[in-house]
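Every number here is computed from the coordinates shown, using simple stated rules; none is lab data. Keep in mind the model is a prediction, meaning the values are calculated, not measured. When we count neighbours, we look across all protein chains shown, and the Cβ atoms used for this are built from the backbone with ideal geometry, even at glycine.
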Amino acid sequence: MTTSQTDLRKTLGWYAFALASVITLGGGLLLALSDRALTGTALMSAIGVNLIASVAFAVVFSTLSSRLQERGLHEALGERVDQLSRSLFQEIAETNQTYLPVATYPPLDPVSGYGDQFNVDMTHSLEGTSFYAFRGPSPRYVVARLRCARRPPQQVRVVSMSPGDQRAIARRASDRRQWVRQQGKDLPTLERELRQELIRNIVVLFDYRRVCPVDLAYIEDTAVYRFEMFDDSMYLSWFHGPRSAAREMPESFRFGAESMVYRIMRQDLMRKFEIAPIHVRFDAGQDDEFLVAHLEELLGEPVTGDDLRRWREGYDAYVADFTEYLGDLYRRLD
């Protein structure tokens with residue numbers, strides 16, 4: 001309300017009060033003067049008695065009215081405060097769901113375990129999802145986790161660096177030099193091992209096509225973060241966070257499906273498959289010849305059936321500890 005409107009309301013209020021007073025006073029005088037037998041002394045006495053009665057009434061009325069008004073004011077303020085509190089808490093809850101993670105997981109090295117809380121929460125998400133997606137430098141544990149799932153998803157999408165992208169491999173291999181399990185290895189060795197790891201990932205993702213179709217896209221990954229996405233949530237890991245330095249498993253955060261981060265990452269993931277220079281879909285109608293042709297295109301070198309067998313065996317050996325850990329985790333969840 002503007003100042004002029006407020007002043008107008010005050011002025012009209014005073015006019016209304018003055019008019020009511022004048023009408024009441026005039027009516028009282030007319031009624032008093034209509035009595036011809038009423039003397040001046042009696043009139044003054046009646047006025048005095050009424051003044052005393054008015055004062056007594058005013059005191060009683062003011063006291064009761066003040067108490068009632070005070071009680072009503074306290075009740076109104078209490079209801080208003082409760083209403084504002086509920087609104088505030090609701091807005092805070094909505095803001096938390098939109099912008100803040102619902103859980104955090106500390107960084108660690110696999111030599112001391114894989115992190116129970118992180119894997120328990122992710123297992124619950126995996127068991128209830130129909131959609132699974134990974135985006136990161138290397139999906140080295142993706143197939144191992146999917147193989148252990150009792151209710152596998154119906155759609156799998158993976159975005160990873162290509163084994164033919166030597167610059168991205170060199171960048172990621174340099175990061176891995178700080179890991180406990182990689183100390184003492186020179187950079188060429190780490191690059192060679194990472195390239196073999198990426199190839200093994202492609203082979204086992206191709207094998208998983210018998211469970212459900214697998215969409216795979218290759219991008220120039222900067223190895224800054226990774227995420228795994230489900231219907232209900234997304235697990236985001238920051239490789240270079242302040243607590244993640246030199247840790248193989250970085251600090252991670254879980255965001256709900258209603259969060260802004262989840263929605264942004266999901267939309268970004270879908271567009272990655274639209275613009276990725278190389279992407280492929282593995283399905284049950286393909287055989288190893290399709291995989292060989294795809295790998296030869298990526299690597300620029302011949303690939304044989306013996307190579308495929310060696311890569312499959314190498315992956316199983318690489319994730320043996322993690323697979324055993326997941327098996328024990330499922331038994332503990334039963």
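Rank-order 155-162, 216-223 by packing density, defined as the average count of other C-beta atoms within 10 Å over each peptide's residues, highest first. Mind showing how you got there, number by number?
Details: 155-162: 22.1, 216-223: 19.0.
Going from most to least packed, we get 155-162, 216-223.
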>> Can you compute the radius of gyration and Dmax for the stretch 186-334, using only the Cα atoms, both in Å?
In response: 17.4, 47
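About the Cα centre of the stretch 102-333, how large is the charge dipole given +1 on each Lys and Arg Cβ and -1 on each Asp and Glu Cβ? Please answer in debye to the nearest 20. Numbers along the way, then the final one.
Values: 33 positive and 36 negative charges, 110 e Å.
I would put it at about 520 debye.
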> Which of the helices in the chain, when you take each full DSSP H run, stretch at least 27 Å along the axis at their Cα atoms and have an average Kyte-Doolittle score of -1.0 or higher?
Replying inline: 3-33, 40-99, 187-207
>> Just to be sure I understand the curve: with the Debye formula and one point per C-alpha of the stretch 249-334, what is log10 I(q)/I(0) at q = 0.14 Å⁻¹?
In response: -0.95
>> Given points 7 Å out from each Cα along the Cα-Cβ axis, report the Thr11 to Ala76 separation in nanometres with one decimal.
In response: 2.6
> Of Thr123, Ala20, Phe230, which is farthest along the charge dipole of the chain in the positive direction, counting Lys and Arg as +1 and Asp and Glu as -1 at C-beta?
Replying inline: Ala20
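Shape call for the stretch 106-212 from the C-alpha gyration tensor, a ≥ b ≥ c root eigenvalues: rounded (a/c under 1.5), prolate (a/b greater than b/c) or oblate?
Numbers: a/c = 2.56, a/b = 1.43, b/c = 1.80.
Note, shape of the stretch 106-212 comes out oblate.
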> If we sort 247-254, 137-144 on the protection proxy, mean other Cβ atoms within 10 Å, highest first, what's the order?
Replying inline: 137-144, 247-254
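Looking at the square roots a ≥ b ≥ c of the eigenvalues of the Cα gyration tensor of the chain, which shape do they give, rounded for a/c under 1.5, prolate if a/b is larger than b/c, or oblate?
prolate
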>> For Ala103, what residues show an amide H to amide H distance below 5 Å, using hydrogens built from the backbone and excluding near sequence neighbours?
In response: Arg254
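What fraction of the DSSP beta bridges in the chain is antiparallel, stated in percent and rounded to the nearest 5?
Details: 22 of 32 bridges.
Close to 70 percent.
Computed FRET efficiency, Cβ-Cβ of Leu68 and Asp231, R0 56 Å: what is it to the nearest 0.05? Walk me through the numbers before you get to the answer.
Values: r = 57 Å, r/R0 = 1.01.
According to the calculation, E is roughly 0.50.
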> For Arg331 and Ile264 in the same chain, what is the full-extension length gain: residue separation times 0.36 nm, less their Cα-Cα distance, in nm?
Replying inline: 20.6 nm
>> I want to make sure I understand the PRE zone here: with the label point 7 angstrom from the Cα of Val292 toward its beta carbon, which residues in the stretch 195-222 have backbone N atoms less than 20 Å away?
In response: 199-210
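Rounded to the nearest 0.05, what FRET efficiency is calculated for Arg271 and Val211 with R0 set to 22 Å and r the Cβ-Cβ distance?
0.25
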> So what are the ³J(HN,Hα) numbers for the stretch 129-138, from phi and the Karplus equation (6.51, -1.76, 1.60; θ = phi - 60°), rounded to whole Hz, Gly and Pro as x?
Replying inline: 10, 10, 10, 9, 9, 10, 9, x, x, 9
